[in-house]
Amino acid sequence: MRQRQIYSVLIAAIVFIACNNRSNSSSTTTADSTIKETAKEPNLKEETVTYTARGVTMNGYVVYDATKEGKRPGVLVVHEWWGLNDYPKMRARKLAELGYIAMAVDMYGNGKTADNPDDAGKMAGPFYQDPQMAKARFDTALNKFKSYSQVDTNNLAAIGYCFGGGIVLNMARLGENLNGVVSFHGSLVGTPADKNLLKAKILVCHGAADQFVKPEEVARFKKQMDSIGADYTFKQYPNASHAFTNPNATPVGQKFKIPIAYNGAADSASWSDMKDFFAKIFR
């Protein structure tokens, strides 16, 4: 009889605990659902924007999170020598997902793109030879970008890839009024550095195995920056070649027999370094 009473008490305790656990679980699930319902998923608004620079029509691409209210830092994205194709637009969308408003710039005009190195080189060449022409087009894009009500004009940056990396470094050296610029596997040698012009902080994300940018160019760039006391950071990623952030680089490199390739580790690390850089330069 005594054993039956003990057994009944144990059964009752087990039932109570199980019911109580189910109640807590239900409560937690309800709370989680409420959080998911109230958290806003990004709603990216994408726009093609047209503007004119020195008689040339430019077709830029602007993207931002429409669920986010008020002004936010703005970031211009300058394309590789292939032109404004899907890759810089993808990067602009990723910036919008981080809470920025971004504009992928059409440096060549009329939305022109190249699908082979010969044509790309012909389109990119004039911008290396005439930095002021490049600045005029960049300035026009920047002014158009600043007309968006979402852009915090006190917090502006530019990032660029390959050709675009060289462009944003030149814009910084020419005195562009930006908080900072980030070059991803970009050319380093360009216009002379002038401490009276340089306003932007600089982050260079460079592949240690880049065969297009020679070690002597790296040394020359650092010497140039050091000579004027520039605020710059030079990041180098092991085993990363030219175009290491672009997932399409490997097949393109193989097709045209040029030393470019995607490197996932360097891509991830450099994007993280960019985010840390933005956290420092944006007020």
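Descriptive notes on the structure:
- Extent along principal axes [Cα atoms of the range 44-281; Å; largest to smallest]: 44, 41, 36
- Among beta bridges identified by DSSP and lying wholly in the range 44-281, the antiparallel ones come to about 35 percent.
- Alpha carbon convex hull of the range 85-203, projected area averaged over orientations, nm²: 7.5
- Structure-based [θ]222 nm, the chain - -39500 (n - 2.57) summed over DSSP H runs of at least 4, per residue, nearest 500: -15000 deg cm²/dmol
- Using only the C-alpha atoms, the convex hull of the range 142-273 corresponds to 117 Å³ per residue.
- Short to long, the 10 Å bins of the Cα pair-distance histogram for the range 40-86 hold 20, 45, 27, 7, 0 percent of all pairs.
- Highest-first arrangement of 203-215, 253-265, where packing means the average Cβ count within 10 Å: 203-215, 253-265
- Relative contact order (%) - the chain, alpha-carbon pairs under 8 angstrom, separation at least six: 13
- For the range 197-276, the Kirkwood radius over C-alpha pairs fed into Stokes-Einstein at 25 °C and 0.890 mPa s yields D = 181 µm² per second.
- Near ALA279, once Lys and Arg are set to +1 and Asp and Glu to -1 for all other residues with Cβ below 14 Å from its Cβ, the sum equals +3.
Laboratory data are not the source of any read-out in this text; all were calculated from the coordinates shown. Quick caveat, the model's predicted, so the values are computed rather than measured. We place every Cβ from the backbone using ideal geometry, glycine too, and count neighbours over all the protein chains shown.
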